[in-house]
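> Below are the structure tokens for one structure; questions will follow.
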Amino acid sequence: MVSPAPFDALPATLAWQQEGLYLLDQTRLPQAIVVERVSGVEDVWRWIHELRVRGAPAIGVAAAYGLCVAMQPLRHFSTQDFQSQLVQQASFLDSARPTAVNLSWSLKRMLAAAQRSATQDPEAVYEVLVAQAMKIHAEDQALCAGIGAHGVSLITPGCGVLTHCNAGALATTGIGTATAPIYMAHQQGIPFRVFADETRPLLQGSRLTAFELQRAGVDVTLITDSMAASIMSQGLVNLVIVGTDRVAANGDFANKIGTLSVAIAARYFGIPFYVACPSSTLDLLTANGSDIVIEERQDHEVTHLAGQPTAPADIKVRNPAFDVTPHDLVTGFITERGIVEQPFDQNFTTLFSSGGGAL
Ligand code: MRU
């Protein structure tokens, strides 16, 4: 199965073909388009951990297929051994990254599907796992499209949209979350421009967002993170849309480090600040942002650029990959079911308690 990339301009983030998982290596972009077949569960774990596949929804889908990759060679096991291995392999994959809830969400769904057919022989349970991963994959594409349909009206002719990190097609298996309204507005012929923050330290904004928007023909301007407030002060930004890795029940949300600064600047300049949030990223079991685990990554990501040192040796470093933005800085969450406004806790429950969605 090959994912639909926006307007056929982009390689697919991932694909499940001939019982194998193929991943686009995002650390090689924009210089090279490299797709590899992953060779085992450790490989899938490493690809997620090293951000070769990244972005909350893409991680969720990759992990679902990753569990199929893990269980494929174990189909000759006894039913009991297969089931116990399944739980262990899911827990191993879940440990690859802590912040994006999509990872544990999709693995829980995979385990629940296997549990429903636990009495069947491992060969049949394996088929159930593949079918469930394909379902999660197809749903991810639909969630992106739903976000686009609800968010597109926010983009008006002449509008300047700022985004941070990459919540684009590359971060999902569809048209992205933050980029979904952008791609739809572009497809409708609305004239507007996008400012993409480069997103230190790993440059997902310049390597990935600028890359994919430019390839799709969107008018995109790359800025460094420290330029965002200045660009806003010049009246060039009318709207901010970012993605998210986990949204707590009260609307506090985690996203790529630097998002909080953008939200504060947007509030100062009176610019609407929206978060594109598929229900697969909504974590109603986490009460507020202080309960979200923030991934700390290695020092060299901050002290080196393209393998070259940019800081003194042995300098003390902090490298949290995400920050938490408090809900009162958020104008609304663009979900596949509609735009959720304050009070978020009540409105999330109302919108998502009636079944459906990915919750
Ligand atoms: O560390 P990354 O590149 O996985 O971080 C990605 C982000 O922060 C995205 O904004 C988020 O996952 C939303 S993707 C639709």
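The values are calculated or read from the model by the stated rules, or taken from the named source; none is laboratory data. Note that the structure is a prediction, hence the values are computed from the model and not measured. Quick reminder, even Gly has a Cβ in these numbers, built from the backbone with ideal geometry, and neighbours come from all protein chains shown. The protein model used for the area step is the full one, side chains on, heavy atoms only, and it has no ligands, DNA or RNA in it. Shrake-Rupley method; radii C 1.70, N 1.55, O 1.52, S 1.80 Å.
> Six or more apart or on different chains, Cβ atoms under 8 Å: show the pairs whose first residue is in region 46-63 and over 11 Å from D140 (Cβ atoms) and whose second is within 11 Å of the ligand (Cβ to nearest atom) and basic (K, R).
That search, which allows pairs on different chains as well, returns R46/R52; I48/R54; I48/R97; H49/R97.
> For region 153-192, what are the residues that are of a type outside the set (V, I, T), more than 24 Å from R52 (Cα to Cα) and either open to solvent by less than 10 Å² (accessible area, probe 1.4 Å) or within 15 Å of the ligand (Cβ to nearest atom) (or both)?
Across region 153-192, the qualifying residues are C159, G160, L162, P181, A185.
> Additional query: Condition check: out of contact with any helix residue (DSSP H, G or I) (no Cβ under 6 Å at 6 or more places or on another chain), under 30 Å from F352 (Cα atoms) and within 16 Å of the ligand (Cβ to nearest atom). Does I241 satisfy that?
yes
> Would you pick out the residues in region 305-315 that are modelled with pLDDT of 95 or more and assigned to a loop (DSSP other than H, G, I, E, B)?
T310, A311, P312, A313, D314, I315
> Take region 193-209 and flag every residue that is in contact (Cβ under 8 Å) with a residue 24 or more places away in the chain and open to solvent by 10 Å² or more (accessible area, probe 1.4 Å).
R193, E198, R200, P201, L202, R207, listed by residue number.
> Go through S39, S3 for me and flag whichever is at pLDDT below 95, more than 20 Å from the chain's Cα centre (by Cα) and hydroxyl-bearing (S, T, Y).
The conditions single out S39.
> Please go through region 316-350 and give me each residue that is in a strand (DSSP E or B) and either under 25 Å from D140 (Cβ atoms) or open to solvent by less than 10 Å² (accessible area, probe 1.4 Å) (or both), ordered by number.
Within region 316-350, F322, D323, V324, T325, G332, F333, I334, T335, G338, I339, V340 meet the criteria.
> Out of (1) open to solvent by less than 10 Å² (accessible area, probe 1.4 Å); (2) more than 12 Å from the chain's Cα centre (by Cα); (3) farther than 15 Å from Q204 by Cβ; (4) within 16 Å of the ligand (Cβ to nearest atom), what's the single condition that is false for L260?
It is condition (1) that L260 fails.
> Kindly indicate whether any position in region 276-283 is away from the ligand (no atom under 16 Å from the Cβ) and either modelled with pLDDT of 95 or more or out of contact with any Phe, Trp or Tyr (no Cβ under 7 Å at 6 or more places or on another chain) (or both).
no
> Taking only pairs six or more apart or across chains, which ones have beta-carbon atoms under 9 Å, a first residue in region 65-84 that is free of Cβ contacts under 8 Å to residues at least 12 places away in the same chain, and a second residue that is open to solvent by less than 30 Å² (accessible area, probe 1.4 Å) and of a type in the set (A, V, I, L, M)?
Taking only residues 6 or more apart or on different chains, the pairs are D81/L74.
> Please work out which one of (1) outside the structural domain of V61 (by TED's automatic domain parsing); (2) in contact with a Lys or Arg (Cβ under 7 Å, 6 or more places away or on another chain) is the condition A167 fails and give its number.
Of everything listed in (1) outside the structural domain of V61 (by TED's automatic domain parsing); (2) in contact with a Lys or Arg (Cβ under 7 Å, 6 or more places away or on another chain), A167 misses just condition (2).
> Sticking with this one: Condition first: buried (at least 22 other Cβ atoms within 10 Å of the Cβ), over 25 Å from E198 (Cα atoms), under 21 Å from the mean Cα position of the chain (by Cα) and at pLDDT 95 or above. Can you find one or more residues in region 113-131 that meet it?
No - not one qualifying residue is present in region 113-131.
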